[in-house]
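The values are calculated or read from the model by the stated rules, or taken from the named source; none is laboratory data. Not measured: the values here are computed from a predicted model. Positions of Cβ are backbone-derived with ideal geometry, glycine not excepted, and every protein chain shown enters the neighbour counts.
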Amino acid sequence: MTKQKIVVALGGNAILSTDASAKAQQEALISTSKSLVKLIQDGNEVIVTHGNGPQVGNLLLQQAAADSEKNPAMPLDTCVAMTEGSIGFWLVNALDNELKAQGIEKDVAAVVTQVIVDKDDAAFKNPTKPIGPFLSEEDAKKQMEETGANFKEDAGRGWRKVVPSPKPVGIKEVNVIRSLVDSGVVVVSAGGGGVPVIEDPETKVLTGVEAVIDKDFASQTLSELVDADMFIVLTGVDNVFVNFNKPDQEKLEEVTVSQMKEYIGQNQFAPGSMLPKVEAAIAFVENKPEAKAIITSLENIDKVLSENAGTHIIAG
């Protein structure tokens, strides 16, 4: 089997179950690592990305609960970096141990990743991504006055802070990631979509910004920048479906980009769920037509290369 450079984007279910304790999340990643090592065993160069939605949400709750003049809450970009560090540690530790168990000599490293976004991205004018705790209308409006943050009512459950979700345009550490991969290192990077930063066009200084980058789009950008042969997006189902959960639902196996665009036009994929995964997969294949994007479940990953399992999105 030909060695390939593969970027694998882990879904939240690969890290967090109903138990949000550190021990439970580490145990989930031990199981996840067993599946990932199957790709590494075949000689492939593997880069792993991951989500952080529940973890950064919980961290923001902790920050808010302890916020005081002497112990001020950390901003969102810093919280993203903190979760990149914690999840990166758990994942590196689990992969290290599983590689040793399988007799594979390989180093694993996590890279806290700064992802560059455009300061003029339309998302900054229309923040829509809800994060953090639910507040009363009174408390939300007080915070809006005091901090300038945006809050919106969320389905009658209270008011939540909303932040922009801009598209990634570059990755600061891409040369570091490339060097590590070329040296045979398994790399964990772009966790939670990476830490969003804006680059000054003149000085090139990077500044963190309160925003959340979709991890599938960040993973797609990384896949292009490292010239990956394959981009695997892991989710809770084995395949993408059209007419999902209806009597006439249909499993998609090998599908062209143009077919997937037709399905998007038919509103076949749920926004905030399957849609960004499909859009990221399409963008990757459009930018590298000889490559392939695959959407499937973690449990299916060992069959992706040998049995063509999952939904394979190809040029055309």
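Counting only residues that are of a type in the set (D, E, K, R) and touching a residue at least 12 places away in the same chain (Cβ under 8 Å), how many does region 202-220 have?
4
Please state which one of Ala122, Ala190, Ala101, Ala140 is within 26 Å of Gly12 (Cα to Cα) and out of contact with any Ser or Thr (no Cβ under 9 Å at 6 or more places or on another chain).
Of the residues listed, the single one that is within 26 Å of Gly12 (Cα to Cα) and out of contact with any Ser or Thr (no Cβ under 9 Å at 6 or more places or on another chain) is Ala101.
Within region 281-301, restricting attention to residues that are β-branched (Val, Ile, Thr) and farther than 22 Å from Ile40 by Cα, which residue is nearest to the chain's Cα centre (by Cα)?
Among those residues, the one meeting the criterion is Ile282.
For region 79-113, what are the residues that are of a type in the set (S, T, N, Q) and within 16 Å of Val56 (Cα to Cα)?
Thr83, Ser86, Thr113
Is there a residue being buried (at least 21 other Cβ atoms within 10 Å of the Cβ) and assigned to a loop (DSSP other than H, G, I, E, B) anywhere in region 304-314?
yes
State all residues of region 172-188 that are in a strand (DSSP E or B) and either out of contact with any Gly (no Cβ under 7 Å at 6 or more places or on another chain) or surrounded by fewer than 19 Cβ atoms within 10 Å (Cβ to Cβ) (or both); if no residue qualifies, say none.
Val186, Val187 - these are the residues of region 172-188 that are in a strand (DSSP E or B) and either out of contact with any Gly (no Cβ under 7 Å at 6 or more places or on another chain) or surrounded by fewer than 19 Cβ atoms within 10 Å (Cβ to Cβ) (or both).
Quickly run through region 118-132 and pick out the residues that are within 10 Å of Ser165 (Cβ to Cβ) and charged (D, E, K, R).
Correct list: Asp121, Lys129.
List pairs: first in region 63-84 and surrounded by 11 or more Cβ atoms within 10 Å (Cβ to Cβ), second part of a helix (DSSP H, G or I) and β-branched (Val, Ile, Thr), Cβ under 7 Å, 6+ apart or cross-chain?
Cys79/Val56; Val80/Val56; Thr83/Val56
Among the numbered criteria (1) more than 18 Å from Val46 (Cα to Cα); (2) among the aliphatic types (A, V, I, L, M); (3) touching a residue at least 40 places away in the same chain (Cβ under 8 Å); (4) assigned by the TED database to the domain that holds Asp121, which one does Val240 miss?
(4)
Being modelled with pLDDT under 95 and within 23 Å of the chain's Cα centre (by Cα) narrows it down to one of Val226, Val304, Val278, so name that one.
Exactly one residue qualifies, and that residue is Val304.
Is at least one residue of region 35-47 within 15 Å of the chain's Cα centre (by Cα) and buried (at least 16 other Cβ atoms within 10 Å of the Cβ)?
The answer is yes; a qualifying residue exists.
Do you know which residues across region 35-82 are polar (S, T, N, Q) and over 25 Å from Glu224 (Cβ atoms)?
Within region 35-82, Gln41, Gln55, Asn58, Gln62, Gln63, Ser68, Asn71, Thr78 meet the criteria.
If a residue has to be crowded, with 21+ Cβ neighbours inside 10 Å and touching an Asp or Glu at 6+ places or on another chain (Cβ under 7 Å) to count, how many in region 7-34 make the cut?
Going through region 7-34 one residue at a time, the tally reaches 2.
At pLDDT below 95, within 15 Å of Asp118 (Cβ to Cβ) and of a type in the set (Asp, Glu) - does that describe any residue in region 195-207?
No, that holds for no residue.
How do the helices (runs of 4 or more DSSP H) wholly within region 50-152 filter down when requiring 2 or more residues that are assigned by the TED database to the domain that holds Lys277 and among the charged types (D, E, K, R): which remain?
none
Say whether the condition of being in contact (Cβ under 8 Å) with a residue 40 or more places away in the chain and either of a type in the set (D, E, K, R) or surrounded by fewer than 16 Cβ atoms within 10 Å (Cβ to Cβ) (or both) is met by at least one residue in region 151-165.
no
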